[in-house]
Amino acid sequence: MRVLILGGDGFCGWPTALHLSARGCEIGIVDNLSRRDIDAELGVQSLTPIEPLGARIEAWREIGGETIDYFPLTLGRDYDELLALIGEWRPDAVVHFAEQRAAPYSMKSSKHKRYTVRNNVCATHDVLAAIVESERDVHLVHLGTMGVYGYGATAGAIPEGYLKVMIESDGVLVEREILHPVSPGSIYHLTKTQDQLLFQFYAKNDSLRITDLHQGIVWGCQTEETRADPRLVNRFDYDGDYGTVLNRFLIQAAVGHPLTIHGSGGQTRAFINIQDTVRCVALALSRPPQAGERVKILNQMTECWRVRDLGGMVARLTGAAVEFVANPRNEASENELAACNQTLIGLGLEPITLEAGLMTDIVEIARAHADRADLSKIPSAATWNAERAAVLAADSAEERLRAV
Ligand code: NAD
Ligand code: USQ
């Protein structure tokens, strides 16, 4: 199978490219390296030292991997080049990871909000339009997010994308299945809800075959393939904008920083290990929807955890201190969460669940590169609104007073 990986230099895209390449797929990567530019903008770097993309690809070939093609395009801007690429490279499937994916980054300022909306929505739409215009039968697999559902009260486990409802028609109650209502918690998450509508339209209007993987928070760093050579190492973000909660806690523990629990830590979220991410994408590719079928939506998560329980677990494992800090986000301080993931389990996914052994592995990676960590980049400074900004400002003024 020929697979074009959009965003193949990123945290999920790079290990997916290698995983599929190792299993006989011919791989092409499209990436504009904007994630590396954002590192420069924020003055941060991946905790693990990542090679330039060309060197990564060359290292894969040197250790016996297949050749991977690279196309430096900006999706949402270089439309003609994308269209030509789909026509000439002739992918059977396109896996779309190429979006600005950090909620805090998307909330930093109007500039960041506008960039995230423009980048993500235009990228997704251009991919859809180009597949139609190319007249090729391509299966599009997109990485969406569990966050599209929001974290309000749910009646039982969140279904996979669609919700059965009863509607009244001429005084008669009729059962319908609708796209699950959305409740995004950031501009980033909002763009994923827009993506869903684009997919729904193109599946209906052009019979495109689309799978949308609603992924939970990814933890971990390495996969079977990225471990094969130090030059293949995956990126590992720990800063206040791009670091995700469990990875941040593990690094904070490794560098002796207290674990930064936002608010009460009662937020419950869905999680998945990076090794399972790449397996899930391979499973989704193996079971495409038929032309004319509705968008196939799968919940790509394996377990749910409350943030303060995660903090407690990492603290017990490592001896780290825990700190409850003012929450920069506008989010429910406590929520319950359960989600269905039967489709991927039914396709054979055997989840890697949070275990002390695996976490110790990551703490070891973090310790090995601790000298690259910039502790001043750990606090999450992007505030969601004026009220949150005031709370954080009051909190740091109090801290300064305590220090004198
Ligand atoms: P990432 O930022 O590490 O990777 C995204 C890649 O896409 C980067 O290499 C970037 O340079 C590229 N890119 C972005 N916009 C582009 C554009 N317009 N044109 C070309 N290239 C572009 O992010 P990630 O963690 O690998 O996430 C990949 C996808 O998975 C995202 O869509 C994200 O929403 C989704 N996801 C990630 C997580 C997670 O915890 N990391 C969880 C759920 C869903
Ligand atoms: N949190 C802390 N302390 C920290 C960092 C985060 O308590 O130091 C809390 C946050 O306030 C939030 C929760 O942990 O309640 C999760 O935050 P996160 O940064 O780990 O995850 P999130 O912002 O939701 O985004 C990440 C990815 C995004 C993906 C999403 C999946 O960056 O690309 O879509 O996870 S989901 O959350 O299911 O929508």
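The values are calculated or read from the model by the stated rules, or taken from the named source; none is laboratory data. Because the structure is a prediction, the values reported are computed rather than measured. Cβ: placed from backbone, ideal geometry, glycine included. Neighbour counts: every protein chain shown.
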query = What number of residues within region 2-48 are assigned to a loop (DSSP other than H, G, I, E, B) and charged (D, E, K, R)?
reply = 3
key: Of all residues in region 182-201 being touching a strand residue (DSSP E or B) at 6+ places or on another chain (Cβ under 7 Å) and not basic (K, R), the one that is nearest to ligand 2 (Cβ to nearest atom)   = H189
note = Residue set G76, G10; condition crowded, with 21+ Cβ neighbours inside 10 Å, closer than 23 Å to V141 by Cα and within 12 Å of ligand 1 (Cβ to nearest atom); output residue G10
message = Test of understanding: among V95, V44, which residue is within 14 Å of ligand 1 (Cβ to nearest atom) and touching an Asp or Glu at 6+ places or on another chain (Cβ under 8 Å)?
response = V44
ask   = Looking at region 211-236, which of the residues that are under 12 Å from the mean Cα position of the chain (by Cα) and not hydrophobic (A, V, I, L, M, F, W, C) is nearest to ligand 2 (Cβ to nearest atom)?
value = G216
query = Considering only residues of region 339-369 that are assigned to a loop (DSSP other than H, G, I, E, B) and within 19 Å of the chain's Cα centre (by Cα), which is nearest to V307 (Cα to Cα)?
reply = L354
inquiry  = Looking only at region 134-153, how many residues end up being modelled with pLDDT of 95 or more and more than 9 Å from ligand 2 (Cβ to nearest atom)?
reply    = 9
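Per-residue answers, yes or no, for (1) out of contact with any strand residue (DSSP E or B) (no Cβ under 9 Å at 6 or more places or on another chain); (2) of a type in the set (V, I, T); (3) assigned to a strand (DSSP E or B):
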| site | (1), (2), (3) |
| --- | --- |
| F271 | no, no, yes |
| V278 | yes, yes, no |
| V281 | no, yes, no |
| L285 | no, no, no |
| Q290 | no, no, no |
| E293 | no, no, no |
| N299 | no, no, yes |
| C304 | no, no, yes |
key: Check on R248, crowded, with 20+ Cβ neighbours inside 10 Å and more than 30 Å from G319 (Cβ to Cβ)   = no
Residue satisfying all of: in region 358-380; among the hydrophobic types (A, V, I, L, M, F, W, C) and out of contact with any helix residue (DSSP H, G or I) (no Cβ under 8 Å at 6 or more places or on another chain); surrounded by the most Cβ atoms within 10 Å (Cβ to Cβ) among these = I365
note = Of the listed residues (L47, L53), the one being in contact with a Phe, Trp or Tyr (Cβ under 7 Å, 6 or more places away or on another chain) and without any contact (Cβ under 8 Å) to a residue 60 or more places away in the chain is L53
query = Does R101 fit the bill of being among the basic types (K, R), out of contact with any strand residue (DSSP E or B) (no Cβ under 8 Å at 6 or more places or on another chain), surrounded by fewer than 16 Cβ atoms within 10 Å (Cβ to Cβ) and not in a helix (DSSP H, G or I)?
reply = no
task = Look through W89, W60 and report the one residue that is away from ligand 1 (no atom under 15 Å from the Cβ), in contact (Cβ under 8 Å) with a residue 24 or more places away in the chain, in contact with a Phe, Trp or Tyr (Cβ under 9 Å, 6 or more places away or on another chain) and of a type outside the set (A, V, I, L, M).
result = W89
inquiry  = Conditions first: (1) within 21 Å of N247 (Cα to Cα); (2) aliphatic (A, V, I, L, M); (3) crowded, with 21+ Cβ neighbours inside 10 Å. I38 passes all but one, so which condition is the exception?
reply    = (3)
task = Starting from region 128-143, keep only residues that are without any contact (Cβ under 8 Å) to a residue 60 or more places away in the chain, then list their pairs with residues that are outside any loop (DSSP other than H, G, I, E, B) and hydroxyl-bearing (S, T, Y) whose Cβ atoms are within a distance under 7 Å, requiring at least 6 positions of separation or different chains.
result = A130/Y79
Filter pass, C280 being more than 9 Å from ligand 2 (Cβ to nearest atom) and in contact with a helix residue (DSSP H, G or I) (Cβ under 8 Å, 6 or more places away or on another chain) = yes
request  = Sort out for me the strands (runs of 3 or more DSSP E) sitting completely within region 112-184 that have 1 or more residues that are within 20 Å of the chain's Cα centre (by Cα) and within 27 Å of S207 (Cα to Cα).
outcome  = 139-145
key: Of residues in region 214-231 being in contact with a helix residue (DSSP H, G or I) (Cβ under 6 Å, 6 or more places away or on another chain) and of a type in the set (G, A, S), the one nearest to ligand 1 (Cβ to nearest atom)   = G216
note = Log entry, pairs with first residue in region 233-256 being within 18 Å of P15 (Cβ to Cβ), second being small (G, A, S) and within 10 Å of ligand 2 (Cβ to nearest atom), beta carbons closer than 7 Å, six or more apart or on different chains, reads D237/G243; Y242/A102
